[in-house]
1. I'm told B:Ala449 meets every condition in (1) surrounded by fewer than 21 Cβ atoms within 10 Å (Cβ to Cβ); (2) part of a loop (DSSP other than H, G, I, E, B) except one. Can you identify the failing condition by its number?
2. Which residues, counting only those in the range A:78-100, are more than 10 Å from chain B (Cβ to nearest Cβ) and either assigned to a strand (DSSP E or B) or among the hydrophobic types (A, V, I, L, M, F, W, C) (or both)?
3. Would you mind stating whether A:Phe39 is under 21 Å from A:Arg106 (Cα atoms), more than 16 Å from ligand 4 (Cβ to nearest atom) and either at pLDDT 95 or above or in a loop (DSSP other than H, G, I, E, B) (or both)?
4. Consider B:Ser314 carefully, then state whether it is within 18 Å of B:Glu194 (Cα to Cα), crowded, with 20+ Cβ neighbours inside 10 Å and touching a residue at least 60 places away in the same chain (Cβ under 8 Å).
5. In the range B:753-801, which residues are within 14 Å of chain A (Cβ to nearest Cβ) and either without any contact (Cβ under 8 Å) to a residue 12 or more places away in the chain or part of a helix (DSSP H, G or I) (or both)?
6. Exactly one of (1) surrounded by 15 or more Cβ atoms within 10 Å (Cβ to Cβ); (2) in a loop (DSSP other than H, G, I, E, B) is unmet by B:Lys513. Its number?
7. Identify, please: which residue in the range B:728-747 is within 12 Å of ligand 1 (Cβ to nearest atom) and assigned to a helix (DSSP H, G or I) and is, among those, surrounded by the fewest Cβ atoms within 10 Å (Cβ to Cβ)?
8. Does the range B:89-97 contain any residue that is in the same structural domain as B:Ile60 (by TED's automatic domain parsing), in contact with a Phe, Trp or Tyr (Cβ under 7 Å, 6 or more places away or on another chain), of a type outside the set (Gly, Ala, Ser) and assigned to a loop (DSSP other than H, G, I, E, B)?
Amino acid sequence: MSEWIDIGEMDAIPRRGARVVKTAAGCVAIFRTEADEVFALDDRCPHKGGPLSDGIVHGKSVTCPLHNWVFDFDTGRCTGPDEGAVAVYPVRVENGRILIDAARLRARIGEAA
Amino acid sequence: MAEKLVVIGAGMASGRMLEHLCEGDPDRYSVTLFGEEPRGNYNRIMLSPVLSGEKTYEEIVTHDADWYAANRVDCRFGEAVTRIDRDRKVVVSASGETPYDKLLIATGSSPFVIPVPGSKLDGVVTYRDLDDTNAMIAAAGSGRKAVVIGGGLLGLEAAAGLQARGMDVTVLHLMGHLMERQLDEAAGYLLKAELERRAIRVHVLANTHEIQGKDRVTGVRLDDGTVYPADIVVMAVGIRPNVELAKSAGLACGRGLHVDDAMVTSDADILAVGECVEHGGTCYGLVAPLYDMARVAAQTLLGQDAAYRGSITSTKLKVTGIDLFSGGDFSDGEGREEIVYRDPGAGVYKRLVLVQNRIVGIVLYGDTADGGWFFGLLKDGTDISDMRDTLIFGPAYAGGSPLDPMAAVAALPDDAEICGCNGVCKGTIVQAIGAGATDLDAVRTVTKASGSCGTCTGLVEQVLALTLGDAFQAPAARPVCGCTDLTHEEVRRLIKSQDLKTMPAVMQACGWKTSCGCHICRPALNYYLLSDWPLEYRDDPQSRFVNERHHANIQKDGTFSVVPRMWGGITTPDELRAIADAADKYSVPTVKVTGGQRIDLLGVRKEDLPGMWADLNAAGLVSGHAYAKGLRTVKTCVGTDHCRFGTQDSTGLGIKIERRLWGSWTPHKVKMAVSGCPRNCAEATCKDVGVICVDSGFEIGVAGAAGMDVKATEPLAKVATEEEAMELIVAFVQLYRENAKYLDRPYKWVAKVGMDWVRERVVEDAENRADLVRRFDLSQSVYQKDPWAEHAAPRMRPSYRPLADLTLEAAE
Ligand code: SRM
Ligand SMILES: Cc1cc2nc3c(=O)[nH]c(=O)nc-3n(C[C@H](O)[C@H](O)[C@H](O)COP(=O)(O)OP(=O)(O)OC[C@H]3O[C@@H](n4cnc5c(N)ncnc54)[C@H](O)[C@@H]3O)c2cc1C
Ligand code: SF4
Ligand code: FES
């Protein structure tokens with residue numbers, strides 16, 4: 001069962017930028033692309049924990065600020081030669097507000113516990 | 001029904017065998033792969049760069065979960081096979097019995113531990129797998145002591161890696177010179193000297209008596225009484241093939257597991273490859289022969305005729321900055337002749353051992369470029385009589401052809417080996433290039449050449465250059481990134497000539513292949529646009545690297561550092577108090593004096609940045625741009641105010657320069673210094689711009705460097721007044737801003753355009769100089785502002801905070 005909760009307005013995130021949402025199991029990065037699509041991924045790079053929300057957003061991907069691994073927003077997977085992936089969470093935009101699936105976030109806390 | 005193939009050991013040999021097998025006939029076998037290590041196949045030889053910190057484990061994995069899944073390999077990692085029941089054709093492991101039709105044994109070898117007292121103490125490690133490597137990394141630390149027992153290939157790579165991690169390292173070696181199996185004495189000596197130059201102690205003829213310590217090692221004592229204190233001891237004295245399992249199953253074994261030319265053991269359904277086998281009386285300890293075995297084993301399993309005939313091996317040491325190559329047999333002996341070449345100044349030593357005009361042994365130190373060519377002659381048994389006089393100088397001289405760096409590669413025959421790790425010869429690479437692999441990455445993907453240790457990358461590039469001729473994209477003319485085919489220079493020219501004033505305009509006009517660029521091109525374009533159109537273009541924070549977006553340096557743990565400006569290195573008690581207060585208030589873990597005459601507050605949380613900046617601003621401090629491709633510091637000495645040698649007010653001039661130039665963005669960072677006299681206490685002669693004050697005025701030098709390269713400045717001009725000095729400096733910086741490629745420091749850019757070109761525009765042509773200064777000031781009218789003040793404003797603060805806090809919500 002999905003359970004959508006409001007986390008804020010889309011315009012609080014710059015185009016090709018990101019903000020984070022704090023959860024009990026660490027931060028989730030909310031990205032907004034040039035084309036106003038919104039995605040939510042774990043904020044911790046699997047390489048050495050870099051904050052993906054501080055990376056450069058291009059197309060539907062972000063480059064980690066620490067050592068330039070690139071992650072695809074649709075799959076959470078690292079593209080190119082590096083291997084690794086972060087979790088992706090369902091988000092929607094309704095009337096300019098961003099909604100995230102709380103059920104999935106809780107499942108994540110369960111995993112982290 | 002597919003036949004059942006069970007593989008014991010997920011190492012380098014079995015990984016390669018499985019690749020060949022799956023390429024050959026993916027459906028023939030259903031494969032179960034047992035590995036004692038709790039992980040899949042990885043490139044073991046690259047543990048050394050992992051140890052030294054040059055690579056991460058993730059970068060050396062050769063087969064990942066996807067690969068196993070795609071090839072339907074049933075993986076049992078972390079599970080050792082404990083018994084083979086040949087009668088019932090099953091292997092036994094923790095999870096029970098697994099039946100096989102064919103069995104492949106690839107159990108590798110184990111490090112040998114010399115059984116001296118103390119060898120079982122905590123802190124004594126071997127060097128074989130990732131766990132060993134991680135144990136060493138964990139034990140490493142600045143100032144801690146390591147003793148490596150064994151001065152062979154593995155021991156020296158361990159020593160270099162630990163030294164790179166800041167440890168104080170001693171190598172103990174039983175024999176008279178290092179790597180005695182691969183090197184002759186002369187080369188062993190050069191190697192020892194080089195290691196000692198790097199502060200690695202080498203003790204030869206060292207017989208270990210005991211390892212000291214109660215629960216943990218504390219030191220190593222030698223037979224001669226010498227004691228070396230140690231926090232960690234690495235044993236790298238040799239390896240022993242892992243054959244217990246095979247032996248207990250009744251398979252024929254000597255030192256290793258016996259196999260025939262088809263890689264079949266004494267049981268027709270059991271094959272073996274890798275370091276655990278003995279073929280023709282020889283056990284191997286390098287990957288090239290194992291890869292040959294892997295190919296043959298795969299062919300045998302696929303029912304094809306194939307034979308392995310043994311290998312002649314060559315060795316390289318994977319220690320950055322040490323060039324060493326050896327191959328064949330280079331011992332002295334009857335009927336053997338040698339040709340030796342030495343260049344003491346350059347530290348080069350080359351020796352070829354000949355028997356009846358054929359090369360049988362090669363040792364090269366310091367210059368290994370011709371290693372592949374010599375090794376080819378050795379393997380082919382070529383008669384070298386008619387090139388004997390010039391042989392040692394390599395293929396460039398052979399047959400009297402003129403000296404040309406490319407000639408060496410051109411002269412290689414098609415079957416000359418280029419990549420030793422993967423056994424790839426020149427012909428294979430040339431073929432791959434012919435079939436469309438026209439750059440290094442493509443060649444690497446298709447042939448695997450340079451894909452393992454990478455030392456042959458240069459050679460592969462030369463083969464590319466030779467084969468493609470003009471079509472080869474020389475590294476110098478590389479496009480900005482994968483989004484475009486244009487170079488930085490071309491893009492810069494188009495931005496100006498076509499009046500391109502926005503990023504979408506540039507991408508459109510230049511035919512970008514992506515929608516909104518990438519992390520490589522966007523920061524460059526953002527810089528070119530803001531420097532060329534200061535009034536029209538609006539800086540794009542989303543196209544800046546995090547440091548320039550948040551105006552602080554990101555740290556490895558995601559926190560930031562804050563460095564306020566201290567004009568010319570001058571500060572006041574009030575500023576120091578404000579810095580101390582901020583450090584207290586925001587619980588800054590580290591306060592450090594930087595190399596740039598100011599103070600760094602390290603480890604600040606992102607959320608605290610705006611608050612801290614506001615506090616610092618209140619005390620009159622502004623951003624020091626320690627994160628910027630822009631003006632960093634102007635270092636000064638005390639000058640005439642205090643120093644008995646000072647000729648001019650160097651501190652005052654430094655402050656004036658910093659006040660005029662701060663806030664300007666440049667292609668790369670710019671650092672300056674002013675020294676009050678030629679004693680040069682401000683180190684002005686290795687800066688991007690440096691001024692030396694003399695009685696008669698100011699000597700201005702530019703294009704120095706003291707980072708990854710070290711280079712003295714080149715004189716730009718000498719002038720009589722501060723005003724003239726300022727004007728020249730500003731004009732030089734503006735010329736750099738308008739023309740250099742993004743991420744070229746001034747010294748790199750000047751090397752491309754030439755000092756004369758620069759002097760002409762900045763010094764000789766007064767009108768041009770004035771224009772440059774005018775354009776710089778125009779840009780400053782927009783960009784000289786404190787970003788901290790802007791970002792500390794209430795409007796900007798939220799962007800440093802989370803969008804929402806669900807810590808409570810989602811935990812309900
Ligand atoms: C803080 C400081 C070290 C210190 O504790 O003293 C420092 C710290 C860093 N330096 Fe440096 N450099 C510092 C003085 C230097 C100096 C010495 C100097 O300026 O007098 C040099 C050699 C001179 C030079 O610039 O060439 C220096 C050469 C480099 C280089 C190599 C540049 C090159 O072109 O060769 C880099 C890498 C780069 O910029 O690409 C670098 C990069 C870095 C970075 C930004 C690494 C990074 O990308 O994260 C470090 C940031 C640490 C942080 O989080 O704050 N740092 N760095 C010094 C700050 C000076 C200041 O007050 O602004
Ligand atoms: C640090 C280092 C640097 C090196 N550098 C070079 C170099 O530069 N050039 C070069 O040519 N060679 C180099 N070598 C040597 C090279 O790595 C080996 O020759 C090669 O890995 C051997 O391959 P293998 O498959 O036979 O054995 P391994 O790669 O050792 O694989 C054997 C695997 O079998 C597993 N195993 C053993 N027994 C069992 C069992 N009963 N059940 C299940 N699994 C089992 C082991 O855990 C191991 O993972 C280096 C080695 C090291 C350690
Ligand atoms: S970049 Fe500079 S500060 Fe960072 S580790 Fe290297 S030398 Fe030290
Ligand atoms: S931490 Fe993300 S790339 Fe290294």
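The values are calculated or read from the model by the stated rules, or taken from the named source; none is laboratory data. This structure is a prediction, so every number in the text was calculated from the model and none was measured. Please note: Cβ atoms are built from the backbone with ideal geometry, for glycine as well, and neighbour counts cover all protein chains shown.
1. (1)
2. Of everything in the range A:78-100, those that are more than 10 Å from chain B (Cβ to nearest Cβ) and either assigned to a strand (DSSP E or B) or among the hydrophobic types (A, V, I, L, M, F, W, C) (or both) turn out to be A:Thr79, A:Ala85, A:Val86, A:Ala87, A:Val88, A:Tyr89, A:Val91, A:Arg92, A:Val93, A:Glu94, A:Arg97, A:Leu99.
3. yes
4. no
5. Across the range B:753-801, the qualifying residues are B:His791, B:Arg795, B:Arg797, B:Pro798, B:Ser799, B:Tyr800.
6. Checking B:Lys513 against (1) surrounded by 15 or more Cβ atoms within 10 Å (Cβ to Cβ); (2) in a loop (DSSP other than H, G, I, E, B), the one that fails is (1).
7. This residue is B:Tyr747.
8. Yes, because at least one residue in the range B:89-97 is in the same structural domain as B:Ile60 (by TED's automatic domain parsing), in contact with a Phe, Trp or Tyr (Cβ under 7 Å, 6 or more places away or on another chain), of a type outside the set (Gly, Ala, Ser) and assigned to a loop (DSSP other than H, G, I, E, B).
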